[in-house]
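**Student:** Handing you this structure, nothing more for now.
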Amino acid sequence: MSNDIIAQLQMLKRGTVELYREDELSNRLVEAAKTGRKLRVKLGMDPTAPDIHLGHTVVLRKLRQFQDLGHKAVLIIGDYTARIGDPSGQNTTRPMLTAEQIDANAKTYFDQAGKILDTNPDKLEVRPNSEWLAGMSLADIIKLTSNMTVARMLERDTFELRYKKGDPIGIHEFLYPLMQGYDSVMVKSDVELGGTDQTFNNLVGRDLQRIAGQPAQIVITMPILVGLDGVMKMSKSKGNYIGVTDEPNDMFGKVMSISDLMMENYFTLLTNLPADEIKVLCDSNKTHPKQAKMMLGKMIVAQFYGSQAGENAAAEFDKVFAQKQLPDEIEEVEIGAGIITAAKLLVQAKLVQTGGEAKRIITQGGMSIDDSKITDPNNEIMPRSGMIIKVGKRRFAKLVVKG
């Protein structure tokens, strides 16, 4: 094996959890180098929500590495599988989305994924899986299901746990891994990427390709990025996420909020820094944690907005949090005249979405008005133009009183 192929393997293995199988991947890389054939590297994304976050970019970045090596990314937009809902990691049946919800979400996915991927048609192929799944007859579906046993399905941990507890498992949920696996057959993928929660689905694709007479795809799994709370996986529903469309200052501030222990994981999965440099940055005896975290924040912002935006966000953070000054730009929010409770003021200032969230933040000491802390949600406030409302460390609003 040439030194070039060895270097490619080392890069592609970085940050991964499992590789089925390394010898097969090395053989295909060697074959590609000899013949000039581009490997087809598949990633499926179900548009179950309108936005993607840094957790999604972990596997997108691995897909980009394959592109940079000259191979073709095949991005499957699961507009049809999303109607079922992926049961991976779920202890209950997912609610089924409407076609309208799925279409609306799918429209944003390509633009957001394009912040990471090379969207040149030579490097990227985008396919909705409704292209082949929507036209399947009942006979086609029966034939597909004949390739899988119930016993094999129950090997999936989430199904097994639900079965043992007596919790319901919908028959349609058994179809999901078969449909995702069938995607691999239809696009003739050489490699499929996914999070560790996708291992079962991706290995089903490997089986279905063998049955179809195709070379079985290599499966590479990536770790699930832990969210800002340092406990749960990054998720919009859990509120512990950094969105790829977050504004630079907000994105930088969220990075600065992670614990020091999480930095090595974030550097490894979200940047291209060599492992030895990461070790130095994450060793508090060699690099101050704040300095390392500032570097991490600048690098992440730069990926989406450019290096200058990263520098500006770092300067703004230092101004607001280290020097205790107000941000240069604070969004103005119009509000009616008249006395209002602190909780309602937070909602009307668009700093929170619900009254319940407002009450929780206020009682926990997370609200201030013109640098004066407010701790009673029922505290009566007389708004005035220019009043500065602050929630937590990063959210501000300047009031403009109307009427």
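**Student:** Could you name the aspartates and glutamates whose alpha carbon sits less than 15 Å from that of Lys344, not counting residues in the same chain fewer than 8 places away?
**Tutor:** Straight-distance partners of Lys344: Glu334, Glu357, Asp376, Glu380.
**Student:** How about Lys72: which lysines have a C-alpha closer than 16 Å to its C-alpha, ignoring those fewer than 8 places off in the same chain?
**Tutor:** Leaving aside lysines fewer than 8 places away in the same chain, those within reach of Lys72 are Lys38, Lys42, Lys62, Lys123, Lys188.
**Student:** Please find, in a Gaussian network model of the chain (springs between Cα atoms separated by less than 10 Å), the residue of Val59, Val347, Val301 whose mean-square fluctuation is greatest.
**Tutor:** Highest fluctuation among the options: Val347.
**Student:** Can you give me the angle between helix 22-35 and the longest principal axis of the chain, using Cα atoms only, in degrees from 0 to 90, rounded to the nearest 10?
**Tutor:** Tilt relative to the chain: about 80 degrees.
**Student:** May I ask you to list the lysines whose Cα is less than 17 Å away from that of Lys236, ignoring any residue fewer than eight positions away on the same chain?
**Tutor:** The reachable lysines, counting only those whose Cα sits under 17 Å from Lys236, are Lys254.
**Student:** Sticking with this one: Amide H of Met222 versus every other amide H placed in the peptide plane: which residues, excluding those fewer than 5 positions away on the same chain, fall under 5 Å?
**Tutor:** Distant-sequence amide H within range of Met222: Val17, Gly194, Gly195, Thr196.
**Student:** Can you tell me the length gained on complete extension of the stretch Glu329 to Thr245, counting 0.36 nm per residue apart and subtracting the Cα distance? Mind dumping the intermediate values first?
**Tutor:** Details: separation 84, 0.36 × 84 = 30.24 nm, distance 1.83 nm.
Gain on extension, Glu329 to Thr245, equals 28.4 nm.
**Student:** Let me ask something else. Name the longest site-free stretch of the chain, where the excluded sites are trypsin sites (Lys or Arg not before Pro) in a DSSP loop with no more than 11 other beta-carbon atoms within 10 Å.
**Tutor:** Details: sites that count: Lys286, Lys324.
The reported range is 1-285.
**Student:** With no solvent and one point per C-alpha, what does the Debye sum give as log10 I(q)/I(0) for the chain at q = 0.07, 0.10, 0.12 Å⁻¹?
**Tutor:** -0.41, -0.79, -1.05
**Student:** Okay, moving on. Between Asp376 and Lys319, with labels modelled 7 Å along Cα→Cβ, what's the label distance in nm to one decimal, could you check?
**Tutor:** My value for the distance between the label points is 3.6 nm.
**Student:** Quick one: order His71, His288, His172 from most to least accessible surface, probe 1.4 Å. Could you put the intermediate results ahead of the total?
**Tutor:** Working: His71 10, His288 120, His172 55 Å².
If we order His71, His288, His172 from most to least accessible, we get His288, His172, His71.
**Student:** Taking amide hydrogens as modeled 1.01 Å from N in the peptide plane, which residues meet the under 5 Å criterion relative to Leu39, leaving out close sequence neighbours?
**Tutor:** So Leu39 has HN proximity to Lys72.
**Student:** Counting pairs of alpha carbon atoms under 8 Å apart in space and at least six apart in sequence, what relative contact order in percent does region 1-85 give?
**Tutor:** Details: 63 pairs, mean separation 28.3, N = 85.
Dividing the mean separation by the residue count of region 1-85 yields 33 percent.
**Student:** Hey, another quick one. Can you tell which of Ala113, Ala33, Ala73 shows the greatest fluctuation in a Gaussian network model of the chain with Cα springs below 10 Å?
**Tutor:** Per the Cα network of the chain with a 10 Å cutoff, Ala33 tops the list.
**Student:** Whose amide H sits under 5 Å from the amide H of Ile52, counting only residues 5 or more places off or on another chain, with H placed in the peptide plane?
**Tutor:** Here the answer is Val244, since their amide H atoms fall under 5 Å of that of Ile52.
**Student:** Using Cα-Cα distances under 8 Å and only pairs 6 or more residues apart, what relative contact order does region 279-374 have, in percent? Provide the component values of the computation, followed by the final result.
**Tutor:** Working: 62 pairs, mean separation 10.4, N = 96.
This gives 11 percent for region 279-374.
**Student:** Then there is this: Note the angle between two axes, namely the Cα long axis of helix 99-113 and the longest principal axis of the Cα atoms of the chain, as a number of degrees from 0 to 90, rounded to the nearest 10.
**Tutor:** 90 degrees
**Student:** Run the quick spin-label model on Glu277 and Arg21: label points 7 Å from Cα toward the beta carbon, then report their separation in nm to one decimal.
**Tutor:** 3.6 nm
**Student:** Related question: On the first, second and third principal axes, largest extent first, how far apart are the outermost C-alpha atoms of region 149-214 in Å?
**Tutor:** Rounded to whole Å, the extents work out to 38, 22, 16 Å.
**Student:** While we're looking at this one, here's another question. Once every DSSP H run of n ≥ 4 in the chain is given -39500 (n - 2.57) and the sum is divided by its residues, what mean residue ellipticity at 222 nm do you get, rounded to the nearest 500 deg cm²/dmol?
**Tutor:** Estimated from H runs of four or more residues: -13000 deg cm²/dmol.
**Student:** Run the quick spin-label model on Ile141 and Val231: label points 7 Å from Cα toward the beta carbon, then report their separation in nm to one decimal.
**Tutor:** 4.0 nm
**Student:** In the Gaussian network model of the chain, springs joining C-alpha atoms below 10 Å, which of Thr354, Thr57, Thr81 carries the largest mean-square fluctuation?
**Tutor:** Top of the fluctuation ranking is Thr354.
**Student:** Each residue of region 144-161 in turn: what ³J(HN,Hα) in whole Hz from Karplus with 6.51, -1.76, 1.60 and θ = phi - 60°, glycine and Pro shown as x?
**Tutor:** Values, residue by residue: 5, 5, 5, 7, 9, 9, 4, 4, 5, 4, 6, 5, 4, 4, 5, 5, 4, 5 Hz.
**Student:** Applying the Karplus parametrisation 6.51 cos²θ - 1.76 cosθ + 1.60 with θ = phi - 60° to the phi angles of region 198-209, what ³J(HN,Hα) value in whole Hz is obtained for each residue in order, glycine and proline being reported as x?
**Tutor:** Couplings: 9, 4, 4, 4, 5, 6, 4, x, 4, 5, 5, 5 Hz.
**Student:** First measure r as the distance between the Cβ atoms of Glu155 and Ile211, then evaluate 1/(1 + (r/R0)^6) with R0 = 22 Å and state the FRET efficiency to the nearest 0.05. Display every interim value, and only then the final one.
**Tutor:** Numbers: r = 18 Å, r/R0 = 0.80.
The computed FRET efficiency comes out at 0.80.
**Student:** Are there GluC sites (Glu not before Pro) in region 246-345 that DSSP puts in a loop and that have at most 16 other Cβ atoms within 10 Å, and which ones?
**Tutor:** Numbers: sites: Glu264, Glu277, Glu311, Glu316, Glu329, Glu331, Glu332, Glu334; in loops: Glu329, Glu331.
When the GluC sites (Glu not before Pro) of region 246-345 are filtered for loop state and at most 16 Cβ neighbours within 10 Å, Glu329, Glu331 remain.
**Student:** For the chain, give the percent of accessible area contributed by carbon and sulfur heavy atoms, probe 1.4 Å, rounded to a whole number.
**Tutor:** Values: 10100 of 19830 Å².
Summing carbon and sulfur atoms, their accessible area is 51 percent of the total for the chain.
**Student:** Can you pull the accessible area of Phe200 for me, 1.4 Å probe, Å² to the nearest 10?
**Tutor:** About 30 Å², ignoring ligands and nucleic acids.
**Student:** Find the accessible area per residue for the chain; the probe is 1.4 Å, ligands and nucleic acids are left out, and the unit is Å². Could you put the intermediate results ahead of the total?
**Tutor:** Values: 19830 Å² over 403 residues.
Computed with neighbouring chains in place, this is 49 Å² per residue.
The values are calculated or read from the model by the stated rules, or taken from the named source; none is laboratory data. None of the values given here were measured: they were computed from a predicted structure. As a convention, Cβ positions derive from the backbone with ideal geometry for all residues, glycine included, and neighbour counts pool all protein chains shown. Only protein heavy atoms, including side chains, enter the accessible area calculation; ligands, DNA and RNA are left aside. Shrake-Rupley method; radii C 1.70, N 1.55, O 1.52, S 1.80 Å.
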